[in-house]
């Protein structure tokens with residue numbers, strides 16, 4: 001595919017879905033850090049990011065946007081994809097010093113945090129209804145999405161269809177940029193080449209981008225799971241897989257390795273306090289994720305995550321006794 005040509009016709013971020021390869025191709029305006037000038041700079045042309053279908057969606061719903069460092073990591077990877085088409089009101093320059101960039105990032109963070117968390121909360125509800133815990137298993141995810149879209153007006157994400165489409169033609173696997181008229185006709189005439197129609201979707205907001213990504217997850221029947229260890233979403237190769245490949249919390253091993261070796265579960269079974277600790281963790285994480293607008297849930301999980309890590313390490317190293325750890329868990333084992 002002639003990505004150089006395709007990039008030249010874009011005005012905003014665009015997504016092309018390759019269903020045959022189960023791949024998403026994202027075009028966006030990149031922000032990069034130049035070590036030479038020690039500045040963050042917007043490139044003058046769009047770049048192409050090819051990755052497995054649903055990667056953007058997973059990156060978004062798993063991001064802890066309460067952590068500004070995770071927000072920064074996501075922003076640097078996808079840049080203005082998290083903004084709307086009026087982003088130029090915020091991004092007034094093409095390059096920023098490190099201090100200017102941090103100031104800019106804080107401004108964007110303050111402006112977008114609430115809406116990003118709201119989107120995540122709605123995505124949780126949609127995924128829970130359509131895939132994770134469906135009430136009607138005799139229907140498809142798309143069937144359940146239709147019902148949800150029709151009867152739950154509060155899920156505004158399901159009405160964010162603000163998409164532009166770009167349709168053009170290309171030669172199969174042949175670059176056409178900078179070709180003369182006769183050269184193009186010669187390429188078309190060659191038996192091994194054929195003209196193909198390409199349609200690219202161009203979301204005009206982060207809401208429509210997430211909605212578009214969600215539809216492709218459902219329509220392509222991707223197996224979306226919640227890891228039984230870290231509680232994050234992931235795509236599985238088969239429906240029996242229960243653990244993701246990410247590094248497990250409080251460990252240097254991936255969740256799938258911990259799950260396969262049963263060492264993690266064995267440790268929990270041998271120590272009821274550890275089992276209780278992780279049950280509280282997962283409950284608070286779920287409450288915070290599904291209710292981002294309820295500050296008590298979010299604050300409760302953030303505190304548990306921050307101080308729990310210290311308490312857990314103290315308990316495992318025997319710096320505190322079982323009784324002391326139990327008393328701490330008793331205080332934290334509340335609905336909020």
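Quick notes on this structure:
- Check on residue 230, closer than 17 Å to residue 60 by Cα, surrounded by 16 or more Cβ atoms within 10 Å (Cβ to Cβ), modelled with pLDDT of 80 or more and out of contact with any strand residue (DSSP E or B) (no Cβ under 8 Å at 6 or more places or on another chain): yes
- Restricting region 180-207 to residues that are closer than 30 Å to residue 126 by Cα and in a helix (DSSP H, G or I), the residue that is modelled with the lowest pLDDT: 206
- In region 30-42, residue modelled with the highest pLDDT [restricted to those that are part of a loop (DSSP other than H, G, I, E, B) and touching a helix residue (DSSP H, G or I) at 6+ places or on another chain (Cβ under 9 Å)]: 38
- Among all residues of region 208-220, there is none that is in contact with a helix residue (DSSP H, G or I) (Cβ under 6 Å, 6 or more places away or on another chain) and in a loop (DSSP other than H, G, I, E, B).
- Residue 246 surrounded by 15 or more Cβ atoms within 10 Å (Cβ to Cβ) and in the same structural domain as residue 274 (by TED's automatic domain parsing): yes
- Filter result (over 24 Å from residue 295 (Cα atoms), in a loop (DSSP other than H, G, I, E, B) and under 12 Å from the mean Cα position of the chain (by Cα)) within region 45-69: 53, 54
- The set of residues in region 88-101 being surrounded by 16 or more Cβ atoms within 10 Å (Cβ to Cβ) and either modelled with pLDDT of 70 or more or within 22 Å of residue 160 (Cα to Cα) (or both) consists of 96, 101.
- Within the span defined as region 140-161, every residue fails to be touching a strand residue (DSSP E or B) at 6+ places or on another chain (Cβ under 7 Å), assigned to a loop (DSSP other than H, G, I, E, B) and in the same structural domain as residue 124 (by TED's automatic domain parsing).
- Selection status of residue 213, at pLDDT below 75 and closer than 25 Å to residue 60 by Cα: no
- Complete set of residues in region 132-164 that are under 17 Å from residue 212 (Cβ atoms) and either in contact with a helix residue (DSSP H, G or I) (Cβ under 6 Å, 6 or more places away or on another chain) or crowded, with 16+ Cβ neighbours inside 10 Å (or both): 141, 142, 145, 148, 149, 155, 157, 158, 160, 162, 163
- If you check 104, 116 for being in a helix (DSSP H, G or I), surrounded by 14 or more Cβ atoms within 10 Å (Cβ to Cβ) and touching a strand residue (DSSP E or B) at 6+ places or on another chain (Cβ under 8 Å), only one passes: 104.
- For region 165-173, the criterion of being under 25 Å from residue 214 (Cα atoms), surrounded by fewer than 12 Cβ atoms within 10 Å (Cβ to Cβ), modelled with pLDDT under 85 and in contact with a helix residue (DSSP H, G or I) (Cβ under 9 Å, 6 or more places away or on another chain) is met by none of the residues.
- Every residue from region 289-308 that is in contact (Cβ under 8 Å) with a residue 24 or more places away in the chain and either surrounded by 13 or more Cβ atoms within 10 Å (Cβ to Cβ) or over 19 Å from residue 66 (Cβ atoms) (or both): 289, 290, 291, 292, 297, 298, 300, 302, 304, 305, 308
The values are calculated or read from the model by the stated rules, or taken from the named source; none is laboratory data. Please read all numbers here as calculations on a predicted model, not as lab measurements. Cβ: placed from backbone, ideal geometry, glycine included. Neighbour counts: every protein chain shown.
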